[in-house]
Amino acid sequence: FQAKRLAGKRVLVTAGPTFEPIDPVRGITNLSSGKMGYAIAQAAWEAGAHVTLVSGPTALDQPYGVQRQAVQTAQQMHDAVMAQVASHDIFIAVAAVADWRVANASDQKIKKTTDSDTPQLQFAQNPDILASVAALPQAPYCVGFAAESENLLEYGAAKRLKKNIPLLVGNIGHNTFGKDENELVLFDANGHQALAKADKQTLARQLVDEIAARV
Ligand code: C5P
């Protein structure tokens, strides 16, 4: 018997990378596979929640029982989240959102001209989806992720405070992007706590239990 610890709750999850176009056939993305976010969406559904998943481009199948909305850019992910967040109790931001988009993206394919002539890309900052949600007057319970390459314990605690969220989850493993296993550390107002190395499904279930215990 597994208790449905999130029965009656509505959970919104972002997952995967974003894709920021340069022109109609080129773009900038990152190595996020979406596996952790999809595993969390699935685990939240298993725990009895109604789950909405806003996903950047991934190769993953739609998790069973979960409502998925596919987006490409950070702006689209932001807009999809902001349009739906009001009806949700919990927001879990797992997506690896591009910090910048190409400000001078071209409507037409950029042509190669001379050997020395290279396109000059300019960048604009993308909205911080998690910070936007956390700043809402009726904010849901917000969970963020952090992928730091050093000083995770110090940066994790600081990032939780900066983002103004009750729970921040740090990836301990270097380069967990695309891997089936991960190792997590949870930061909340009481300090931090590790979830030992395991496959992402197992960690997702443990994390959902930790979230259910806090909301
Ligand atoms: O500040 P940093 O990008 O390290 O924060 C990571 C956390 O913030 C993740 O939970 C990520 O999903 C979220 N985030 C976001 N929108 C952004 C950047 C990050 O929701 N533009």
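The values are calculated or read from the model by the stated rules, or taken from the named source; none is laboratory data. Being a predicted model, the structure only gives us computed values, none of them experimental. As a convention, Cβ positions derive from the backbone with ideal geometry for all residues, glycine included, and neighbour counts pool all protein chains shown. Protein only, heavy atoms only, side chains kept; ligands, DNA and RNA dropped before computing areas. Shrake-Rupley method; radii C 1.70, N 1.55, O 1.52, S 1.80 Å.
Quick notes
- In the range 118-150, of all residues being within 13 Å of the ligand (Cβ to nearest atom), open to solvent by less than 80 Å² (accessible area, probe 1.4 Å) and not aliphatic (A, V, I, L, M), the one that is nearest to residue 21 (Cα to Cα) corresponds to 126.
- Subset of the range 151-179 [within 11 Å of the ligand (Cβ to nearest atom) and part of a loop (DSSP other than H, G, I, E, B)]: 165
- Each residue in the range 18-50 was checked for being open to solvent by 20 Å² or more (accessible area, probe 1.4 Å), part of a loop (DSSP other than H, G, I, E, B) and hydrophobic (A, V, I, L, M, F, W, C), and 3 pass.
- Subset of the range 82-98 that is without any contact (Cβ under 8 Å) to a residue 60 or more places away in the chain and away from the ligand (no atom under 14 Å from the Cβ) - its residue that is least open to solvent (accessible area, probe 1.4 Å): 83
- Yes/no for residue 146 being under 21 Å from residue 75 (Cα atoms) and in contact with a helix residue (DSSP H, G or I) (Cβ under 8 Å, 6 or more places away or on another chain): yes
- Filtered by the rule that a residue be among the hydrophobic types (A, V, I, L, M, F, W, C), closer than 19 Å to residue 14 by Cα and not in a strand (DSSP E or B), the range 118-150 gives 129, 130, 131, 133, 134, 135, 136, 139, 147.
- Just one of the numbered conditions (1) free of Cβ contacts under 8 Å to residues at least 60 places away in the same chain; (2) open to solvent by less than 70 Å² (accessible area, probe 1.4 Å) is not true of residue 72: (2).
- All positions within the range 143-190 that are closer than 22 Å to residue 60 by Cβ and of a type in the set (Lys, Arg): 179
- Selection from the range 1-17 of residues that are assigned to a loop (DSSP other than H, G, I, E, B) and under 24 Å from residue 147 (Cβ atoms): 16
- Residue, modelled with the lowest pLDDT, within the range 180-205, restricted to residues that are outside any strand (DSSP E or B) and open to solvent by less than 70 Å² (accessible area, probe 1.4 Å): 200
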